[in-house]
Amino acid sequence: WETNGTLWLCHVPNSIVEESTSLLSFTPSTAQHPPSFLKVKDTIVLPCCFEILSLNCGTLMKETLRYLAGIVGPSGYGSKSTAEQVAHSCSYLVDSQRLTAIITGATSGIGAETARVVAKRGVRVVIPARDIKKAAELKERIRKDNPNAEVILCEIDLSSLASVKRFCNEFLALGLPLNILINNAGIFSQKLEFSEDKFEMTFATNYLGHYLLTEMLIEKMIETAEQTGIQGRIINLSSVIHSWVGRDCFHFNQMLHPINYNGTRAYAQSKLATILHAKEIAKQLKAKNANVTINAVHPGIVKTGIFRAHKGFITGKNLHILGASTSCYVALSPQVEGMSGKYFVDCNESNCSVLANDESEARRLWRQTRALIRR
């Protein structure tokens, strides 16, 4: 596709087109439009993927160039801001008090970079991990970067409700404060798998596990905020692909036990659920007048295990360094003080889908999940 003298190459694997067509009910002509663009020189693909299909060509090129150029938004940061750059300018941290953060999925990719940068700012980091060996290796790297860093390792399997409960009880028994909870972990599975609780694995790991984790730790966060006067912050990692999900394919029981499984759809559904979760919990926290916020973030294009599992996603090198920037911004920046129930992209507040903004849908999902967890 050539526009204004610039040649763009469209990379559309057949599997991606087939999945997007079945997921969003595209017409054949619409599905032929390029859903992602790779500029030869920069070798970078837009994070927008299929969402940009709804944009006209003029808007598309404008957003493409804005992303690739790393143009900053109102926050002063953009797609090319690194996590370390963002964290360096944050004054949210109080030097006289050591804050505590729990970061899931921190053994690789975005989570590992988030943990490294947050620890470098003086935050005590608790890393719940399924693979303790990998967690220990990360701890060693963090301590090499910052010898004074305090890193605590615990075992967890987010797909298992019993494991999540064990971790929460173990953490609460430590008697530590809790200022920041980053629900970062996520998986993508091409094939249908079930957790030990017999729920679809992607939904169990990406959403159910984090729902329970948040529910069991939120009172500790409220208590910590009251005692210290420092606002507690919860960050749910979502994805721009939450907007691929329509109302007709977002049914709780079907997501728990899908009949016609589609890996991309399951991942998108779980990411929509994380935004709805943030929206509902934000309302509940406000009703309690709690000094704790919760927001959802899209990390941008990142090279993680999730996208390595999906043939056809192409990213640049070391993009986890950029991918962690929005999590760090929402966790640490004074600019985000008091903001709750929002959705952030590239360190700036952004718009999520109509369904993700549906308060009744968020409430329904929360009630269904609570009933499932407590049964």
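The values are calculated or read from the model by the stated rules, or taken from the named source; none is laboratory data. The shown structure was predicted, so the numbers you read here are calculated from the model rather than taken from an experiment. Don't worry about glycine lacking a Cβ; one is built from the backbone with ideal geometry, like all the others, and counts go over all protein chains shown. Calculation scope for accessible area: heavy atoms of the full protein, side chains included, ligands and nucleic acids excluded. Shrake-Rupley method; radii C 1.70, N 1.55, O 1.52, S 1.80 Å.
Figures for the structure shown
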| item | result |
| --- | --- |
| Output for the range 352-373, where each listed residue is of a type in the set (S, T, N, Q) and either closer than 18 Å to VAL297 by Cα or in contact with a strand residue (DSSP E or B) (Cβ under 9 Å, 6 or more places away or on another chain) (or both) | SER353, ASN357 |
| Selection status of PHE199, more than 16 Å from SER159 (Cβ to Cβ) and modelled with pLDDT of 95 or more | no |
| Verdict on SER159 being hydroxyl-bearing (Ser, Thr, Tyr), more than 16 Å from ILE180 (Cβ to Cβ) and modelled with pLDDT under 90 | no |
| LEU172 closer than 27 Å to HIS298 by Cα and either assigned to a strand (DSSP E or B) or modelled with pLDDT of 95 or more (or both) | no |
| Scope the range 115-146; condition open to solvent by less than 40 Å² (accessible area, probe 1.4 Å) and in a helix (DSSP H, G or I); matching residues | ALA115, VAL117, VAL118, ALA119, ALA135, LEU138, ILE142 |
| Total residues in the range 250-263, condition open to solvent by 10 Å² or more (accessible area, probe 1.4 Å), assigned to a helix (DSSP H, G or I) and touching a residue at least 40 places away in the same chain (Cβ under 8 Å) | 1 |
| Sole exception among (1) open to solvent by 30 Å² or more (accessible area, probe 1.4 Å); (2) in contact (Cβ under 8 Å) with a residue 24 or more places away in the chain for ASN206, by number | (1) |
| Number of positions in the range 203-241 that are in contact with a helix residue (DSSP H, G or I) (Cβ under 7 Å, 6 or more places away or on another chain) and either farther than 24 Å from ILE187 by Cα or modelled with pLDDT under 95 (or both) | 6 |
| Qualifying residue in the range 207-214 (condition: in a loop (DSSP other than H, G, I, E, B) and touching a Pro at 6+ places or on another chain (Cβ under 9 Å)) | no |
| Criterion violated by ALA149 - all others in (1) open to solvent by less than 10 Å² (accessible area, probe 1.4 Å); (2) under 20 Å from ARG374 (Cβ atoms); (3) not aromatic (Phe, Trp, Tyr) satisfied | (2) |
| Residues of the range 283-300 satisfying the condition of being open to solvent by 10 Å² or more (accessible area, probe 1.4 Å) and over 16 Å from the mean Cα position of the chain (by Cα) | LYS283, GLN284, LYS286, ALA287, LYS288, ASN289, ALA290, ASN291 |
| Yes/no for ILE222 being touching a strand residue (DSSP E or B) at 6+ places or on another chain (Cβ under 8 Å), assigned to a helix (DSSP H, G or I) and open to solvent by 10 Å² or more (accessible area, probe 1.4 Å) | yes |
| Single residue of the range 320-375 satisfying the filter (out of contact with any Gly (no Cβ under 6 Å at 6 or more places or on another chain), assigned to a loop (DSSP other than H, G, I, E, B) and of a type in the set (D, E, K, R)) that is farthest from ARG121 (Cα to Cα) | ARG375 |
| Any pair with Cβ under 6 angstrom, 6 or more apart, that starts in the range 333-345 at a residue that is in contact (Cβ under 8 Å) with a residue 12 or more places away in the chain and open to solvent by 50 Å² or more (accessible area, probe 1.4 Å) and ends at one that is part of a loop (DSSP other than H, G, I, E, B) and of a type outside the set (D, E, K, R) | PRO334/SER91; PRO334/TYR92; GLN335/SER75 |
| Lone unmet requirement of (1) hydrophobic (A, V, I, L, M, F, W, C); (2) within 21 Å of the chain's Cα centre (by Cα); (3) at pLDDT 85 or above for LEU99 | (2) |
| Count of residues meeting criterion [open to solvent by 20 Å² or more (accessible area, probe 1.4 Å) and either closer than 19 Å to ALA115 by Cα or outside any helix (DSSP H, G or I) (or both)] in the range 185-203 | 11 |
